[in-house]
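The values are calculated or read from the model by the stated rules, or taken from the named source; none is laboratory data. Quantities reported herein were computed from a predicted structural model and do not represent experimental measurements. Glycine gets a Cβ as well: all are built from the backbone with ideal geometry, and neighbour counts include every protein chain shown. Just so you know, the surface numbers come from the protein's heavy atoms only, side chains and all, with ligands and any DNA or RNA stripped out. Shrake-Rupley method; radii C 1.70, N 1.55, O 1.52, S 1.80 Å.
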Amino acid sequence: MRQYSADLTPPWKKSQPVPEVPADPGLVVEEPGTGFCGAVTGCEAGTVTLEDRFGKRRAFPMEPRGFLLEGRVVTLVRPSSGPARPTRTASGSVAVPGARARVARAGRIYVEGRHDAELVEKVWGDDLRIEGVVVEYLEGVDDLPSIVAEFAPGPDARLGVLVDHLVPGSKEWRIAQDVTSEHALVVGHPYIDVWEAVKPASVGIEAWPRVPRGQDWKTGVCRALGWPSENTGAVWQAILARVGSYKDLEPELLGSVERLIDHVTAP
């Protein structure tokens, strides 16, 4: 009688030729045995350390055929000594090296002010250029109904608007309700100003201070933290310099911007 032996080797570890991929920092792979997916943060002593999008880190042995890269089995090897090319944009999207900016769409994303626009550009700029999406700022939302009417959103010219302090019952919320339609999406975050959407730890503070109503919020924050209140623009540039990627931003802002990009680029 023929003898059969069970092959208990996982499919992704069976002896088949697979590409060797340098474990460059930022490379996003999955360890299929555990399902853990994250970006490479370092290699040492035959192991690779991955960090997922929630900041959790785990180390795995760099075994042959030990990882999945975009669904394909690969063998991770130590990176070369040359400069690594980033595999992720600041927003966490897959980087496309050498990609050319797309011709601007008719659709637009509007944000309330210059600081909002600068933050969106820093984190999502690469994604927006590839998609051909232009971001403009409004300097407030009081005139949003007339601006939307003049823009005349349609299937080929979708409009997305990011609003500060968009909470039920607020002035901003009522305006958003009035202008939202099939082709005009208004979303926001609960923070009084986009400064608050930057995680406090990223700028070296325990929390954003509370500012009494009736005071200018940025000025009040600067005074409470001992920052120069006479030049809030310079303070913002210092805050912006501490933002390296989406990991430095609060989830409420991340989700809203991603929704706007999806809306404006929808077929």
Test of understanding: among Val148, Val187, which residue is under 24 Å from His115 (Cβ atoms), within 21 Å of the chain's Cα centre (by Cα) and not acidic (Asp, Glu)?
Val187
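Yes or no: Ala184 outside the structural domain of Val123 (by the TED database) and either at pLDDT below 90 or small (Gly, Ala, Ser) (or both)? I'd like the intermediate steps shown before the answer.
Values: outside the structural domain of Val123 (by the TED database): no; either at pLDDT below 90 or small (Gly, Ala, Ser) (or both): yes.
Criteria not met by Ala184.
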On the given criteria, is Val96 closer than 21 Å to Lys247 by Cα, assigned to a loop (DSSP other than H, G, I, E, B), open to solvent by 30 Å² or more (accessible area, probe 1.4 Å) and at pLDDT below 85?
yes
